[in-house]
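Structure first, commentary second.
Bear in mind that the values in this text are calculations on the coordinates, not laboratory data. Everything numeric here is computed off the predicted structure, so don't read it as measured data. Positions of Cβ are generated from backbone atoms using ideal geometry, with glycine treated the same way; all protein chains shown enter the neighbour counts.
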Amino acid sequence: MASLNLSEKELRRRELMLSGSQFKAILTISLPLVFYASVGQVFQLIDTFIAANMSASTISTVSFVYQLEKMLMAIASALSIGGGVMIARTFGSGDMQTVRRQISTLFFFALFVGAGILAIIIPLMYPLLSLMKMPQALLFQGTIYSCLMVVSVVFQFINTIFFAVQKSRGSTKIIMWGNLLVLFIKTSLNILTIRLIAHGVFERDQGIYFLPLATITAHLVLTIIAIQNLTSKKNPFRLSFKCTEFKKTFMAPLASLGIPVFLEKFVFAFGKALVNSLCATMGTTVVGALGVSDRICGLSSNPINGFQEAESSLISNNLGNNNVRRAIGFFYRTLLLTMSYTAVFFVIMCIFRTAIIDAFAKGNASFAQEIDQIYYWERLDTLLIAVNTSVMGLLYGFGKTKISMVINIARLFVFRIPILLLFMKIPALSAAVGISGVGMAMCLSNGLTGLTAGIVAILFIRKQ
């Protein structure tokens with residue numbers, strides 16, 4: 001073992017990841033992430049509900065700009081996944097001095113990139129949103145909202161890297177508590193905004209600008225906590241600019257792993273923005289209806305990302321320890337867990353479907369019908385989304401990010417957008433399915449992606 005002194009708790013956690021019960025390891029690491037993601041989906045629904053209480057244009061703006069935020073966060077995802085894989089493998093191999101150098105280099109590089117984004121994107125926000133075909137009626141408030149959102153992205157960059165570092169070492173409880181703190185602060189501030197609007201302190205249409213301010217505040221608090229943790233003398237991997245190594249030995253593997261992830265996330269988010277722009281041609285509220293449908297589906301499909309994140313970390317650690325068979329075993333167990341989870345929540349969401357949709361429609365029968373027409377079809381791909389999620393964890397863990405990139409780009413540009421265009425442009429189909437075509441396109445694209453990912457996993461495992 002290296003000269004850095006690890007705590008008994010960290011040593012036990014490393015032993016569990018490398019030689020303990022596989023189900024115990026994956027549940028120990030993933031459950032805090034799944035719990036946070038589950039609670040997070042409820043909080044996101046509350047945020048969407050709050051936006052819906054402001055105005056229909058507000059929820060449409062939030063849904064539209066959300067894709068831009070995901071495009072920017074694609075960079076953070078690339079750094080966290082690429083850097084996380086490298087750190088986890090080194091942690092599994094036992095070279096703790098190199099782990100510290102990797103953590104410091106990754107953190108400061110992410111900080112520089114985040115600051116660069118802030119300086120470049122804000123001056124270009126209005127033309128960027130115009131290029132993305134944001135409806136003219138939403139463009140003014142969307143520009144201000146987006147600029148504030150970009151400020152929050154800088155703090156999210158830091159927090160994402162902090163979480164990647166913790167996850168690579170199997171320390172996920174701090175990720176759960178940190179994210180829950182963000183959710184609590186942000187939602188509390190948003191509820192306060194609604195109360196102030198109700199008492200006439202602000203106009204209803206002005207409330208949209210307080211949503212990103214709440215996000216900035218929440219993530220800033222977490223950033224302060226993250227920096228305190230990363231610079232603490234009690235942390236054997238504490239940050240030090242002197243430990244950074246912006247050399248080819250680190251930057252080349254980071255680029256090789258991270259660039260495909262960035263392209264995957266960025267192009268996918270850009271593609272979803274294209275989907276929004278296509279949906280906007282059906283009516284301004286259709287974008288909002290799709291956003292609500294996505295959030296409802298996310299109650300079952302997004303929490304399983306916690307299993308995926310634990311899976312990729314465990315696989316990387318065991319590959320660093322030269323245990324390929326054990327690494328693949330984590331994929332099979334993750335697949336079982338994700339499919340079980342989504343099956344249970346699929347049934348629950350079917351039971352409460354009408355009540356949830358009515359809560360968001362707020363008595364607007366037309367909006368409720370649009371949501372239902374999309375969600376009815378979109379929900380049917382749940383189990384195949386679980387397959388895709390588990391396969392992505394396998395590919396990330398093995399560092400096969402180019403394969404994951406191809407699969408997820410195909411999800412949009414081969415399976416989703418062409419199908420959506422068929423439903424929109426062929427008169428007979430358009431007349432037959434109407435807005436339901438949006439949900440059908442989502443269902444077919446996610447389902448075909450899940451099948452493709454499953455085939456890729458079978459072929460990949462046979463080669464190991």
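Defining a contact as two alpha carbons under 8 Å apart and six or more residues distant in sequence, what relative contact order in percent does the chain show? Kindly include the intermediate steps, with their values, before the conclusion.
On the way: 664 pairs, mean separation 111.7, N = 464.
Reported as a whole number, the value is 24 percent.
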Applied in sequence order to segment 367-384, the curve 6.51 cos²θ - 1.76 cosθ + 1.60 (Karplus, θ = phi - 60°) yields integer Hz couplings, x standing for Gly and Pro, of 5, 4, 5, 4, 4, 5, 4, 7, 5, 3, 8, 4, 6, 6, 9, 4, 5, 6
From the residues Val42, Cys243, Met440, which one has its Cα farthest along the dipole of the chain in the positive direction, the dipole being from +1 and -1 charges on Cβ of Lys/Arg and Asp/Glu about the Cα centre? Cys243
Can you compute the charge dipole magnitude of the chain about its Cα centre, using +1 on each Lys and Arg Cβ and -1 on each Asp and Glu Cβ, nothing else charged? Give it in debye, rounded to the nearest 20. 1540 debye
Which of Ser93, Ser104 has the fewest other C-beta atoms within 10 Å, and how do the rest follow up to the most? Ser93, Ser104
Taking the mean number of other Cβ atoms within 10 Å as a proxy for protection, how do you rank 305-314, 292-301, 446-455 from highest to lowest? 305-314, 292-301, 446-455
Roughly speaking, what is the stretch gain from Thr281 to His199, that is 0.36 nm per residue apart minus the C-alpha to C-alpha distance, in nm to one decimal? 25.9 nm
What is the distance in Å between the Cα centres of segment 21-38 and segment 395-451? 30 Å
Testing the spin-label approximation: label points 7 Å from Cα along Cα→Cβ at Gln464 and Ile348. State their distance in nm. 3.0 nm
Chain lengthening between Leu118 and Ala365 when straightened (0.36 nm per residue, less Cα-Cα): 84.9 nm
Between Ser232 and Ser188, how many nm apart are label points set 7 Å from Cα along the C-beta direction? 2.1 nm
Mind checking the angle between helix 284-301 and the chain's longest principal axis? C-alpha axes, 0 to 90 degrees, to the nearest 10. 40 degrees
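Just need the relative contact order of segment 309-464 here, percent rounded to a whole number, with Cα pairs under 8 Å and 6+ apart. Don't skip to the end; give the middle numbers.
Working: 159 pairs, mean separation 47.0, N = 156.
Relative contact order here is 30 percent.
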nm² value of the averaged projected area, convex hull over the Cα atoms of the chain: 21.4 nm²
Between Ile259 and Leu111, what is the spin-label point distance in nm, taking each point 7 Å from the Cα along the Cα→C-beta axis? 2.6 nm
Gain in span if fully extended, Tyr126 to Asp358, counting 0.36 nm per residue against the direct Cα distance: 80.1 nm
Could you let me know the centre-to-centre spacing of segment 87-114 and segment 203-235, using Cα atoms, in angstrom? 24 Å
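Looking at this model, which pairs from Lys133/Lys167; Lys242/Lys265; Lys173/Lys463; Lys173/Lys400; Lys9/Lys233 are more than 29 angstrom apart at the alpha-carbon? Numbers along the way, then the final one.
Details: Lys133/Lys167 37 Å; Lys242/Lys265 32 Å; Lys173/Lys463 35 Å; Lys173/Lys400 27 Å; Lys9/Lys233 17 Å.
Where the Cα-Cα span goes over 29 Å, the pairs concerned are Lys133/Lys167; Lys242/Lys265; Lys173/Lys463.
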Tell me the net charge near Asp381. Cut-off is 14 Å between Cβ atoms, Asp381 excluded, with +1 for each Lys or Arg and -1 for each Asp or Glu. +1
Debye calculation, C-alpha points only, no solvent: report log10 I(q)/I(0) for segment 168-252 at q = 0.13 Å⁻¹, in the same order as the q values. -0.63
Met251-Thr217 FRET efficiency (beta carbon distance; Förster radius 41 Å; 0.05 resolution): 0.75
Please tell me the relative contact order of segment 328-416 in percent, rounded to the nearest whole number, where contacts are Cα pairs under 8 Å and at least six residues apart. 39 percent
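Count the net charge of all other residues whose Cβ sits under 15 Å from the Cβ of Leu451, scoring Lys and Arg as +1 and Asp and Glu as -1.
Net charge in that neighbourhood comes out at +1.
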